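The values are calculated or read from the model by the stated rules, or taken from the named source; none is laboratory data. These numbers come from a predicted model, not from an experiment. Please note: Cβ atoms are built from the backbone with ideal geometry, for glycine as well, and neighbour counts cover all protein chains shown. Heavy atoms of the whole protein, side chains included, go into the accessibility calculation; ligands, DNA and RNA do not. Shrake-Rupley method; radii C 1.70, N 1.55, O 1.52, S 1.80 Å.
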Amino acid sequence: RELWSELVAIRRSVARSLLQAWVPKSSGSESGRRGPVTIGPAQMSNYQKLQKLGSGAFATTFLVEEVGKGSADGKKQLVMKRVPCKHMRAANAALQEVKVLLSCHHSGIVGYHDFFLDTDTDDNIVICLVMEFCDGGDLWEKIASARRARTSLSPPHVAGYLLQLVSALRYLHARSIL
């Protein structure tokens, strides 16, 4: 049991070291929509889970409120994506994705506000990504909704979506992000 606890502590220490090495020197953005990137177990206390939004093969997402900041009632709604990593290789791959996402500052790409490490009930490392909440849903939801209603999206809306997609893709390609 002691050996296991020591291994978990080493794994956390290595992950934090890797994370600190990858934190960008300038964590602000032109749009000012992102806060500073921070690391530490106390970060989970900055967010209150409101509801589970979904779960996939690699992550679970929650609607959360940022305690003490934002709207008139003192709270800002965001989305927290929790990515459990059973192995260091998976944690490193997820941290590479975090590094890329934090460098993106474009109106057509969901803004990332924060990330931190947490653990799950099995003491696995969990990477928590905190991002903007898109209360209007995403394009997939709009298309699915139109199909269920047996209607089509209007040509001006489709053109607008296409322009946003092309603009975001151009931004990513200009920065060699594939």
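What are the ³J(HN,Hα) values, in whole Hz, obtained from phi via the Karplus relation 6.51 cos²θ - 1.76 cosθ + 1.60 with θ = phi - 60°, for each residue of region 122-132 in sequence order, with x given for Gly and Pro?
9, 6, 7, 5, 10, 8, 10, 10, 10, 9, 4
Between residue 48 and residue 92, what length in nm is gained on full extension when 0.36 nm per residue of separation is reduced by their alpha carbon distance?
Residue separation times 0.36 nm, minus the Cα-Cα distance, leaves 13.2 nm.
Could you tell me which residue out of 155, 145, 100 lies farthest along the dipole of region 88-158 toward its positive end? Charges go on the beta carbon: Lys and Arg +1, Asp and Glu -1, centred on the Cα centre.
Projecting each Cα onto the dipole axis, the largest value belongs to 155.
Taking region 70-178, which trypsin sites (Lys or Arg not before Pro) meet the DSSP loop condition and have no more than 13 other C-beta atoms within 10 Å?
Passing sites in region 70-178 are 86, 150, 175.
Write down the accessible area per residue of region 70-178 in Å², having rolled a 1.4 Å probe over the full set of protein chains.
63 Å²
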